[in-house]
1. Output the residues belonging to the range 116-151 that are outside any helix (DSSP H, G or I) and either among the charged types (D, E, K, R) or under 20 Å from E166 (Cβ atoms) (or both).
2. Report every pair of residues separated by at least 6 positions or lying on different chains whose Cβ atoms are under 6 Å apart, first residue within the range 31-51 and among the basic types (K, R), second in a loop (DSSP other than H, G, I, E, B).
3. Could you list, in sequence order, the residues of the range 188-197 that are more than 20 Å from E18 (Cβ to Cβ) and more than 18 Å from the chain's Cα centre (by Cα)?
4. If I filter the range 9-16 for residues that are at pLDDT 95 or above, over 13 Å from V181 (Cβ atoms) and either out of contact with any His (no Cβ under 6 Å at 6 or more places or on another chain) or outside any loop (DSSP other than H, G, I, E, B) (or both), do I get at least one hit?
5. What's the total number of residues in the range 152-187 that are without any contact (Cβ under 8 Å) to a residue 12 or more places away in the chain and either part of a helix (DSSP H, G or I) or over 30 Å from E18 (Cβ atoms) (or both)?
6. Starting from the range 85-112, keep only residues that are under 11 Å from V129 (Cβ atoms) and in contact (Cβ under 8 Å) with a residue 60 or more places away in the chain, then list their pairs with residues that are in a strand (DSSP E or B) and aliphatic (A, V, I, L, M) whose Cβ atoms are within a distance under 8 Å, requiring at least 6 positions of separation or different chains.
7. Being under 21 Å from Q39 (Cα atoms), over 14 Å from the mean Cα position of the chain (by Cα) and surrounded by fewer than 17 Cβ atoms within 10 Å (Cβ to Cβ) is the requirement here; does A94 meet it?
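The values are calculated or read from the model by the stated rules, or taken from the named source; none is laboratory data. Just so it is clear, the structure is predicted and the values come from calculations on it, not from any experiment. Here the Cβ is made from the backbone with ideal geometry for all residues, glycine too, and neighbour counts use every protein chain on show.
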Amino acid sequence: MARPPRCRLYLVTPPAFEPAAFSRELAVALDAGDVACLQVKVNDASPEDARRIIDALRPIAHERDVAVILNGPPDLARATGCDGIHLNEQRGYAEARRILGAKAIVGVACHTSRHEGMVAAEAGADYVVFGPFFGDPSRCATSDLIEWWGDLMEIPVVATGGITPENCHALVEAGADFIAVSSSLWNHPDGPGAAVRAFLRAMTRQA
């Protein structure tokens, strides 16, 4: 995943949802403005339900040139035509790459650890994820982590964790390539389309 010229949205599905109803919400969100990726979380679903979820959401994203990243087994990502996989830890990277091949997107969550980020980068990850950035101060990263990464590495960095339209711009200014959002978007009082527009305005400081 090449470093984009500006920060973009990276949407993450809720932990649980009904595919048909959520498909409609997803279409509204993706039609509201620029979105780079959709991470589909299926780790807690049965294999049959996971396939049903992916098959419902993948066409909606692909029709709008949005990459589909699976948070689930790599063999399932390959079998269902996903563009890549998101790993919740560094362990498993080599196996995921072996299964998905060199052209697939493989991203790694590095939490708040600079060391984990460096290990993921050296292994060949296409992006790293740092966070959370907002919430319990004892377990949150600061924007300095994003700045540090940008000064050293070319691999794109995704910021995640407690991000809202009201607080995202500091991470954009720090150099985040992507802002990963979930509950603050899907639970927005005016709906997911309004949420996407609010994030994009805040990310570019548009009135």
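1. Within the range 116-151, the first condition is being outside any helix (DSSP H, G or I), and the residues that meet it are 124-136, 140-142.
Within the range 116-151, D126, F130, G131, P132, F133, F134, G135, D136, C140, A141, T142 meet the criteria.
2. Here the result reads K41/T13, each pair linking the range 31-51 to a residue that is in a loop (DSSP other than H, G, I, E, B).
3. Of the residues in the range 188-197, the ones more than 20 Å from E18 (Cβ to Cβ) are 189-190, 194, 196-197.
P189, D190, A194 - these are the residues of the range 188-197 that are more than 20 Å from E18 (Cβ to Cβ) and more than 18 Å from the chain's Cα centre (by Cα).
4. No, the conditions are met nowhere in the range 9-16.
5. The first filter runs over the range 152-187 and keeps only residues without any contact (Cβ under 8 Å) to a residue 12 or more places away in the chain, leaving 152, 187.
Still in the running and either part of a helix (DSSP H, G or I) or over 30 Å from E18 (Cβ atoms) (or both): 152.
Of the residues in that region, 1 qualify.
6. Here the result reads G107/I69; G107/I85; G107/L87; G107/V128; G107/V129; G107/V158, each pair linking the range 85-112 to a residue that is in a strand (DSSP E or B) and aliphatic (A, V, I, L, M).
7. On the way: under 21 Å from Q39 (Cα atoms): yes; over 14 Å from the mean Cα position of the chain (by Cα): yes; surrounded by fewer than 17 Cβ atoms within 10 Å (Cβ to Cβ): yes.
Criteria met by A94.
Per-residue answers, yes or no, for (1) among the aliphatic types (A, V, I, L, M); (2) buried (at least 22 other Cβ atoms within 10 Å of the Cβ); (3) touching a Ser or Thr at 6+ places or on another chain (Cβ under 8 Å):
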position: A21; (1), (2), (3): yes, no, no
position: R24; (1), (2), (3): no, no, no
position: V28; (1), (2), (3): yes, no, no
position: D34; (1), (2), (3): no, no, no
position: C37; (1), (2), (3): no, yes, no
position: D55; (1), (2), (3): no, no, yes
position: H62; (1), (2), (3): no, no, no
position: D75; (1), (2), (3): no, no, no
position: N88; (1), (2), (3): no, no, no
